[in-house]
């Protein structure tokens, strides 16, 4: 089964059950963003987590093997995204990537933010001028080694 087929099957089952990723977070005990990453095959689940996902969605047990397989991270289309919401993150990095890098280096030194020891939260911030999307990224700082 291809990544696209797995994702489509998971999303269709989620829709048929009328579930949100937040509902699945409550049922499975993992963050909604991480569960979504499993759906898009950018993260792998343990056998227990895969079993809970399959059970919550009412899918056949054989798809659990697909969810426990090691994903090919970053395997989505390598072109500039055209979806407006995803493009905005690309645009944010184009505009603020170097300023963020400069501030991180000033505060931490020469290194990177881990995408392995990492968490991502998305919150809705109510605002009378229009609701806001709050994205919180937290990654361990990894200094470059000298040898």
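The values are calculated or read from the model by the stated rules, or taken from the named source; none is laboratory data. The model shown is predicted, which means the values in this text are computed figures rather than measured ones. Cβ: placed from backbone, ideal geometry, glycine included. Neighbour counts: every protein chain shown.
Which is surrounded by fewer than 15 Cβ atoms within 10 Å (Cβ to Cβ) and either more than 24 Å from residue 137 (Cα to Cα) or at pLDDT below 90 (or both), of 4, 57? Don't jump to the end; show me each part of the working.
Values: 57 fails: surrounded by fewer than 15 Cβ atoms within 10 Å (Cβ to Cβ).
Residue meeting the stated conditions: 4.
I'm told residue 35 meets every condition in (1) over 21 Å from residue 121 (Cα atoms); (2) at pLDDT 90 or above; (3) surrounded by 15 or more Cβ atoms within 10 Å (Cβ to Cβ) except one. Can you identify the failing condition by its number?
Condition not satisfied by residue 35: (1).
Of the residues 118, 141, which single one is in contact with a strand residue (DSSP E or B) (Cβ under 6 Å, 6 or more places away or on another chain) and touching a residue at least 24 places away in the same chain (Cβ under 8 Å)?
Numbers: 118 fails: touching a residue at least 24 places away in the same chain (Cβ under 8 Å).
Result of the check over 118, 141: 141.
Would you confirm whether or not segment 115-122 contains a residue that is surrounded by fewer than 11 Cβ atoms within 10 Å (Cβ to Cβ) and more than 22 Å from residue 21 (Cα to Cα)?
Residues of segment 115-122 that are surrounded by fewer than 11 Cβ atoms within 10 Å (Cβ to Cβ), as a first pass: 116.
Within this subset, residues satisfying the condition of being more than 22 Å from residue 21 (Cα to Cα) are none.
For segment 115-122, residues surrounded by fewer than 11 Cβ atoms within 10 Å (Cβ to Cβ) and more than 22 Å from residue 21 (Cα to Cα): absent.
Is it the case that some residue within segment 94-109 is closer than 29 Å to residue 8 by Cα and surrounded by 10 or more Cβ atoms within 10 Å (Cβ to Cβ)? If you could, list the steps in order and put the result at the bottom.
The first filter runs over segment 94-109 and keeps only residues closer than 29 Å to residue 8 by Cα, leaving none.
There is no residue in segment 94-109 that is closer than 29 Å to residue 8 by Cα and surrounded by 10 or more Cβ atoms within 10 Å (Cβ to Cβ).
Quick one: how many residues across segment 39-70 are out of contact with any helix residue (DSSP H, G or I) (no Cβ under 7 Å at 6 or more places or on another chain) and in contact (Cβ under 8 Å) with a residue 40 or more places away in the chain?
Final tally of qualifying residues: 0.
A quick yes/no check of all residues on (1) outside the structural domain of residue 133 (by TED's automatic domain parsing); (2) farther than 28 Å from residue 124 by Cβ; (3) out of contact with any strand residue (DSSP E or B) (no Cβ under 8 Å at 6 or more places or on another chain):
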| residue | (1), (2), (3) |
| --- | --- |
| 17 | yes, no, yes |
| 20 | yes, no, yes |
| 23 | yes, no, yes |
| 39 | yes, no, yes |
| 50 | yes, yes, yes |
| 64 | yes, yes, yes |
| 89 | no, no, yes |
| 92 | no, no, yes |
